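Right, one structure below, let's go through it.
The values are calculated or read from the model by the stated rules, or taken from the named source; none is laboratory data. Source: prediction; values computed, not measured. Here the Cβ is made from the backbone with ideal geometry for all residues, glycine too, and neighbour counts use every protein chain on show. Side chains included, ligands, DNA and RNA excluded: accessible areas come from the protein's heavy atoms. Shrake-Rupley method; radii C 1.70, N 1.55, O 1.52, S 1.80 Å.
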Amino acid sequence: MTKVKIGIVGTGFIATILAPQIQSSKKARLDAVSSRTLAKAESFVANYPGAIAVEGADQLIARDDVDAVYIATPTSAKEDVASRALTAGKHVLIEKPLHSAASFKRLSALARQKGLVLMDATHFVHHPRTSAMRQRLAALIGAPRSLHTMFYFPFSDRENIRFDPIDEPMGAAGDMAWYSMRAVVEYLAPDALEDIKVVAEWDPHSGAVIRATGVLQFNAGKTATFDVGYTAGAAVMELTVAGTSGILTQDDFVLDWQSGFGFDNPDIQTGFIHRSGMATRNDFAFIETPSERSQHALMIDNFADLIRNGDAAEREIWLSATEKTQVFLDAIWQEIQTQARASPAMTPPSKYERKSMNSLFEPTSWRGAPCATGSSWLP
């Protein structure tokens with residue numbers, strides 16, 4: 001089997017997570033790594049025999065031996081790098097979040113035109129648990145009606161890019177609420193967003209969003225609540241889907257305790273809990289969903305399979321999921337910006353000009369705008 005040769009643009013933390021998964025894959029291999037300086041790229045590839053270090057994204061994209069590019073850059077650079085890679089005929093795996101839904105639509109149109117794969121790097125959807133839970137929703141809980149997610153990591157390093165409103169304008173909302181919105185797409189599968197309310201908290205030093213809590217109302221009476229950020233002092237990754245006849249829960253929906261990066265607990269089973277009726281904790285049913293490979297490794301394998309099989313319909317499924325996720329995230333971000341404009345005192349002074357934050361996006365009211373499915377959100 002010929003392996004898909006992948007190049008990585010960017011040498012930050014997330015690249016160090018994906019690189020060993022690419023290198024160990026039976027379906028892909030790490031071919032090249034680029035950074036803004038050659039020295040950084042050389043330091044990165046020192047641990048990956050056979051991988052070439054290059055200076056700058058353009059040199060990596062221009063290589064004939066690179067089939068696909070994993071884009072691990074700050075959000076401020078993602079569309080530019082992805083557009084150049086797709087134009088050059090490279091398949092693209094891109095880190096979340098994107099600039100905006102409009103940005104992703106431009107990239108997806110280019111990918112379709114070139115006959116290339118464009119996939120976002122949301123890892124939890126590749127774990128067998130996600131598909132197993134989706135397939136059993138109706139049988140276990142009836143019609144899904146509401147979803148709640150709570151995702152916190154204790155994080156306060158203001159030198160980290162997450163606290164840079166220029167390169168990562170959405171802060172914790174983009175970093176963490178993305179997963180909450182992807183869970184909405186996977187488990188609630190709504191057609192349209194009808195209303196939204198978000199409350200955000202900003203870091204008093206950098207001006208970055210460090211916490212966000214919100215409620216979203218969708219069509220057909222479906223609702224979602226989310227609570228994300230860096231301020232809880234603990235790692236929390238909880239998800240609850242409530243239906244008409246039961247409830248399903250996970251306490252590690254983003255990174256499974258067993259093999260998600262940062263965790264290595266082979267004795268902790270991965271799965272979800274089913275509750276119905278007046279069941280007490282002793283009666284909860286744990287449904288195990290084992291996997292021989294980590295969700296990051298499975299993502300690389302699925303990306304390689306999508307490249308090789310050329311299935312246009314399957315590619316569209318991935319594009320649709322990404323677009324819907326970003327559409328809902330855009331709505332969250334716009335509500336945060338609206339809140340900031342309405343209550344300037346709530347947003348602390350920042351060393352960054354707020355106009356620089358907004359200039360990365362194409363802000364338009366989501367009310368009445370078409371959603372990813374072609375419906376309208378609010379009349």
message: Treating only the Cβ of Lys, Arg, Asp and Glu as charged (+1, +1, -1, -1), what charge dipole size does the chain show about its Cα centre? Round to the nearest 20 debye.
response: 580 debye
- request: Give the relative contact order (percent, whole number) for the range 208-323; include only Cα pairs under 8 Å separated by 6+ residues.
  value: 13 percent
task: Quick one: among I317, I94, I71, which has the greatest mean-square fluctuation in a GNM of the chain with alpha-carbon springs under 10 angstrom?
output: I317
query: Do you know the relative contact order of the range 121-212, to the nearest whole percent, from alpha carbon pairs under 8 angstrom that are 6+ apart?
result: 29 percent
query: If you build a Gaussian network model of the chain, linking Cα atoms that sit under 10 Å apart, which residue out of E55, E79, E168 swings the most?
result: E55
query: Where does the chain land at 222 nm, in deg cm²/dmol rounded to the nearest 500, when only DSSP H runs of n ≥ 4 count, each adding -39500 (n - 2.57), divided by all residues?
result: -10000 deg cm²/dmol
- prompt: What is the extension gain from D191 to A279, computed as 0.36 nm multiplied by their sequence separation minus the C-alpha to C-alpha distance, in nm to one decimal?
  reply: 28.4 nm
task: Name the most mobile residue of S320, S43, S259, meaning the one with the largest mean-square fluctuation, in a Gaussian network model of the chain with Cα contacts below 10 Å.
output: S43
task: May I ask you to list the aspartates and glutamates whose Cα is less than 16 Å away from that of K26, ignoring any residue fewer than eight positions away on the same chain?
output: D67, E292, D301, D305
- request: Using DSSP, restrict attention to beta bridges with both residues in the range 98-252 and report what percent are antiparallel, rounded to the nearest 5.
  value: 75 percent
Accessible area expressed per residue, the range 1-152, with surrounding protein chains retained (probe 1.4 Å, Å²): 39 Å²
message: Taking R0 as 35 Å, what FRET efficiency do you get between D251 and D157 from their Cβ-Cβ distance, rounded to the nearest 0.05?
response: 0.90
Accessible-area composition of the range 38-172, carbon plus sulfur, in percent [1.4 Å probe]: 50 percent
- prompt: Counting alpha carbon pairs within less than 8 Å and at least 6 residues apart, what relative contact order, in whole percent, applies to the chain?
  reply: 17 percent
task: Tell me the trypsin sites (Lys or Arg not before Pro) within the range 10-78 that lie in a loop according to DSSP and have at most 15 other beta-carbon atoms within 10 Å.
output: K26, R36
